[in-house]
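Notes follow the structure.
The values are calculated or read from the model by the stated rules, or taken from the named source; none is laboratory data. Just so it is clear, the model here is predicted, and its values are computed rather than measured. Glycine gets a Cβ as well: all are built from the backbone with ideal geometry, and neighbour counts include every protein chain shown. Surface areas here come from the heavy atoms of the whole protein model, side chains and all, with no ligands, DNA or RNA. Shrake-Rupley method; radii C 1.70, N 1.55, O 1.52, S 1.80 Å.
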Amino acid sequence: MTNVLKETNQEALVSKCLNAIEQAESDNDLFAALFLVTKVLRAEKLEADIRKRLYDAIGFDFINRLLITDDVPEECDEYTYKALALTLLACYATEQDLLSNVSMLGNVPFFNKVIGGAFSTAGKDESEIMIHEAYQCLMGLASIREGRDQLIEKGTVGTICRAFSENLYGEEMALQLVLSLVCVCGPATWQNDSKSQDILLNKLSGDLLSDKTHKKFELLEVTVVLLLGTFDRSHAEPDFSKPWMKNLHSTVSELLQSKLGQEQRESVLKLASLLTEHTGLAWILGPAGNAIRHLLLLVNLAGIEVRMNLEDRSLSQVESSASLLCSCYSILESAIQYMVEGVSLPLSMQQIGQLHSTMHSALAAVIGYLELVARETGMGSCLGGARMELEITELREEAEIERCKNALVVQASVRLLGAWMAEETVALRADVVNLLPFLLHLGAGNISKIVAKETESERNTSQDENIQLTQQDMQVESGMQACADSETIDLLRFLVPGLCHLVAEEGPRKLLLEQGAPLLLMRFMRHHWKRWIADPADTNSQTTLISICGFFQNIVVTEPELVAGDELFTELLQFALSTFHTVDVKDVVLVGNILVLGLLLVKNKSIDSSPNQVTAEASSKFFLAAVSFLRSVHTFKNGRLAVKPAFQKHWEDCEELWFLAMQVLGACISQLPWLPQRLRLTGWPAWIQTMVKNVKGTGITDEEMAAFASILETLEEPKRQVL
């Protein structure tokens, strides 16, 4: 009853004040009326209609005059006008329509000064009230795009980071504000003040490392949210010169060796996953790069969590663990990549066996889960090599695929399995082959969705201006960075490298051909070619194109009769002939792969026998470009043949392609009567003859000499016809 009376009295006082404000004839009258109710003019205590009356009566002009006026009555302290102006602005900050007003946006520097302690001499109570109200204004502005832009541009980010790091009053509000900005703006939050990012992370990570209470895990969750919105998709080496990187490494290392509950383990793995995604697995090895025990503990913990969350669980139970599983998958995938990159680690045979065993067990659980998905979503017929039609020409989003894709963990599982397939060709091979039809089915349904998504991408590039992600939203997203958008993960991109290995084996190759994999990958190749042409810096598409070329090369070599009679491979030949000469030679690995694929198809298809399908002009351009590329690789000087510097850094990846191209070109010369004369006109054979005659001692390897000699011998064969 007392509270009701109190609220009634306050409402009456505010109403009386509003009447006085509306009748005021001067600034003094207006100030006097407002001064009466300063203590009840708190935004949270005013109804919307009262706030509207207040704005209609006062507006921004009077507030701006209060902020710039230093001449205050003797009975008032020097900050009275500014404090009153701030109270009014805090009231306005709860109204979306007023937040975008130029006067509200223009006061961001003033709010920064307040929270930075510029008015601390006003007295503790008054100063804290002003700081609280300044944060109210800033939080309101952070809810709209124009406001966020101003906070980033006008230095608010640096101010709140310093406020937090120096434990100023309102530090919790400062942290909440920076988290809200990071959740929406991501790395752009720091575009004007990257040093503040380190200041904030240094303080937060230091508190995290030193805390020995349960608050440690609250801080850990906050750190996860902050890093999730701070790290971009690029990869960077761990920088242990930064205190926060050392602190986080020490924290994770300590916790990995502690007895933790389920929620605590999840928090540690999410943090470890974010660091792994951004800096690679090297960060866990510490500043000295020798913390092998920590690496083994992290990978083992991730593997155990995968098994615990996949084995003997229903689909709904697995989906509830999506965030954790994605974190673990990211760690395991990084571990696979780290090991195959040839990084020298002082691992014993026992430790190597332990890592492989962890991976093997985790991937077995992943495969078992995907088999369960196939069965329970009506796609059980896709298992065991059953024939499955892939509608590639008009890919349909079939109901069972759409239901399956409601679970992000399905696509994340495919990504991890793809990483395993690309490197491990023996372990779990039979299980992987059994799953192939289902994997292809998922990939087929995925392409049309990606294409549709990219078509409307421009409409979806801007975020809703007035919606923020909450900290809880970001925690849900934590660990899913590597999994990307749940509807547009490029599943086939992760599978193609493994398919290249499998298609070289007779059993899996037969299954892939039966399932229509060549048709699917032809569609996929055109999609990524279009993307790469639009953006040559798109390394994902370039790498995918290289892998697809390898897939088709294996089929052409192992199934020559099928290729000769299949129109799909005629289409593929046309693609190779028409695109090869358009690729910049600096993309040497892609150039080499398209060249070898084109030569193999020319040899197989006997293009002279089908002049209507492949024009003489296209084939002529192709071979001229082929010669240009093959001769551009080497330089001959002072009796020595050497790979040109431009090709040196890629030579390990394209040396075999060069030799294979030379070999297949020789076969094409024998097969195409018009080709020898065309090649002679390029001057390349004459260059080879000169080089062979003048090479000295060890100036050329036996393999190189054999390759060049083979071309010359083939050109000298009799009975050539000139086109």
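How large is ³J(HN,Hα) for each residue in region 538-555, as worked out from phi by the Karplus curve 6.51 cos²θ - 1.76 cosθ + 1.60 (θ = phi - 60°), to whole Hz, x for Gly and Pro?
6, 5, 4, 5, 4, 4, 5, 4, 4, 5, 5, 4, x, 4, 6, 4, 5, 5
Long-range amide H contacts for L641: which residues qualify at under 5 Å (H placed 1.01 Å from N, peptide plane, sequence gap of 5 or more or a different chain)?
I700
When the accessible area of region 536-648 is computed with all protein chains present and a 1.4 Å probe, what percentage of it is carbon and sulfur?
Carbon and sulfur atoms account for 51 percent of the accessible area of region 536-648.
Tell me, what are the semi-axes, in whole angstrom and largest first, of the equivalent ellipsoid of region 190-321 as set by the roots of 5 times the Cα gyration tensor eigenvalues?
25, 17, 16
Arrange the peptides 624-631, 329-336, 592-599 so that the one whose residues have, on average, the most other Cβ atoms within 10 Å appears first.
Per-residue mean Cβ counts within 10 Å order the peptides as 592-599, 329-336, 624-631.
List the residues, sorted by chain then number, that are 5 or more residues from H634 or on another chain and whose placed amide H is less than 5 Å from its amide H.
It is K644, by chain and number.
In Å, the Kirkwood hydrodynamic radius of region 527-644 over pairs of distinct alpha carbons?
15.2 Å
May I ask which of K154/K246; K154/K242; K603/K693; K154/K195; K124/K216; K154/K215 have a Cα-Cα span longer than 24 Å here?
From the list (K154/K246; K154/K242; K603/K693; K154/K195; K124/K216; K154/K215), the Cα-Cα distance tops 24 Å for K154/K246; K154/K242; K603/K693; K124/K216; K154/K215.
Give the span of region 62-131's Cα atoms along each principal axis, as three whole-Å numbers ordered largest to smallest.
Result, largest extent first: 36, 22, 18 Å.
R429: net charge of surrounding residues, Cβ under 14 Å, Lys/Arg +1, Asp/Glu -1, itself excluded?
-4
Can you compute 3J(HN,Hα) from phi for each residue in region 676-692, using the Karplus curve 6.51 cos²θ - 1.76 cosθ + 1.60 with θ = phi - 60°, rounded to whole Hz and x for Gly and Pro?
With coefficients 6.51, -1.76 and 1.60, one gets x, 5, 4, 5, 4, 5, 6, x, 5, x, 5, 4, 4, 4, 5, 5, 4 Hz.
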